[in-house]
Every structure is written in C-alpha cells, then in structure tokens.
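Below you'll find the structure, written out as structure tokens, and then a few comments.
The values are calculated or read from the model by the stated rules, or taken from the named source; none is laboratory data. Here the structure is a predicted model, which is why all the values come from computation and not from measurement. Here the Cβ positions follow ideal geometry from the backbone for every residue, glycine too, while neighbour counts run over all protein chains shown.
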C-alpha cells in the first residue's frame, strides 16, 4: 500500500553551522508543496528554533551528536519532526508516541534567553513534544492555513 505522503529525512552534525542547511531543506520542501512565502518563513523560524535547541541539547557532554530532521509531505500539510538523539526514527511509531506538551516540561525545552516553544507554537498549527533519550519536537503546518479558521472566529468577536 502506498503511504499517503512523501518522507524526507536529513541528518546533520549537532553543530550550529548546520542549522541553516536543515532550514533550507525544509524551506525547499515547503515551497514544493505550495506554501505561501509567509508560511515558509514561519516554518523556517520554527524549525530553526527546534533544530537549534536540539543542537544545544545534544551537545551537552561534548559528544559529537547528530540531529535528525524528518519531513512528511501530505497534500494538505507538512509535518516536521526534529530529534536530538541521532537515531533515524520510524516516523509512524514516533508520531504515535509524541503527545501534547505540558507547562512543567517547558523548562526542559526552553534554553537560556530563547523563546523556544512559545515561538514554535505561535508559528506552527500544531506542536507536540516527546522526551525519551532525547527530545523530539513534532510540528505541523497546514497548507492554506486550514486549521486557522477556528482561531479567526475567536479573534473577530
């Protein structure tokens, strides 16, 4: 059976200079799907934030870490997963194990002086976090802001 999405995974050394490489990949994939310029900018900032966080997290013990970025491209959305423990993931399995994050976890994720999670949450339509042997951030952006309508109603009242 054909899976309903194309999957692209890249692995980069957990070093700051590779954040841009991962961001460019995400940007390229998003423009292929037909996201607007503004949406692509949002996705670039959000993914940069998640990848930068992963780089800093993986780097703690002077070990040469790797960051894995997995992107699932659907007709109506793009799902991005960022993990800092360097293992390739089974996208479907990992997706099942991530859950909504709670405020008490936020401290683990937010780095010194970084807007981190708050920023990602603002820029993406959905975000989930998973703490295991590392941190996995799972972000979704809908094409044409399909998830946004319900927010718009609350704003206009």
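Which condition from (1) part of a helix (DSSP H, G or I); (2) in contact with a helix residue (DSSP H, G or I) (Cβ under 7 Å, 6 or more places away or on another chain); (3) farther than 16 Å from residue 11 by Cα; (4) modelled with pLDDT of 70 or more is the one that residue 55 breaks?
Going through (1) part of a helix (DSSP H, G or I); (2) in contact with a helix residue (DSSP H, G or I) (Cβ under 7 Å, 6 or more places away or on another chain); (3) farther than 16 Å from residue 11 by Cα; (4) modelled with pLDDT of 70 or more one by one, residue 55 breaks only (3).
Can you name every residue in the range 5-56 that is within 14 Å of residue 141 (Cβ to Cβ) and surrounded by 22 or more Cβ atoms within 10 Å (Cβ to Cβ)?
Selection gives 26, 30, 35, 39, 43, 46, 47, 49, 50.
Of the residues 75, 146, 93, only one is at pLDDT 90 or above, within 30 Å of residue 2 (Cα to Cα) and out of contact with any strand residue (DSSP E or B) (no Cβ under 6 Å at 6 or more places or on another chain); which?
Just one listed residue meets the conditions, 75.
Hey, among the residues in the range 1-17 that are outside any strand (DSSP E or B) and closer than 21 Å to residue 33 by Cα, which one's farthest from the chain's Cα centre (by Cα)?
This residue is 2.
Identify, by number, the condition in (1) at pLDDT 95 or above; (2) part of a loop (DSSP other than H, G, I, E, B) that residue 86 doesn't meet.
Among (1) at pLDDT 95 or above; (2) part of a loop (DSSP other than H, G, I, E, B), the lone unmet condition for residue 86 is (1).
I'm checking my understanding of the structure. Among residues of the range 104-127 that are modelled with pLDDT of 75 or more, in contact with a strand residue (DSSP E or B) (Cβ under 7 Å, 6 or more places away or on another chain) and surrounded by 17 or more Cβ atoms within 10 Å (Cβ to Cβ), which one is nearest to residue 56 (Cα to Cα)?
Of the residues in the range 104-127, the ones modelled with pLDDT of 75 or more are 117-127.
Okay, now just the ones that are also in contact with a strand residue (DSSP E or B) (Cβ under 7 Å, 6 or more places away or on another chain), so 120-121, 124-127.
With the extra rule that they be surrounded by 17 or more Cβ atoms within 10 Å (Cβ to Cβ), the set shrinks to 120, 124-125, 127.
Working: 120: 17, 124: 21, 125: 25, 127: 20 Å.
Looking at the filtered set, the residue picked out is 120.
Go through the range 23-35 and count every residue that is free of Cβ contacts under 8 Å to residues at least 60 places away in the same chain and either under 14 Å from the mean Cα position of the chain (by Cα) or not in a helix (DSSP H, G or I) (or both). Give the steps one after another, and end with the answer.
Step one: filter the range 23-35 for residues free of Cβ contacts under 8 Å to residues at least 60 places away in the same chain, giving 23-29, 31-32.
Subset that is either under 14 Å from the mean Cα position of the chain (by Cα) or not in a helix (DSSP H, G or I) (or both): 23-27, 29.
Final tally of qualifying residues: 6.
Just to check your reading of the model, which residue among 137, 69 is at pLDDT 70 or above, under 17 Å from residue 5 (Cβ atoms), within 13 Å of the chain's Cα centre (by Cα) and surrounded by 12 or more Cβ atoms within 10 Å (Cβ to Cβ)?
On the way: 137 fails: under 17 Å from residue 5 (Cβ atoms).
Every option except 69 fails the conditions.
Give the range 34-46 a look and list any residue that's at pLDDT below 95 and under 17 Å from residue 9 (Cβ atoms), or say none.
Hits for the range 34-46: nothing passes.
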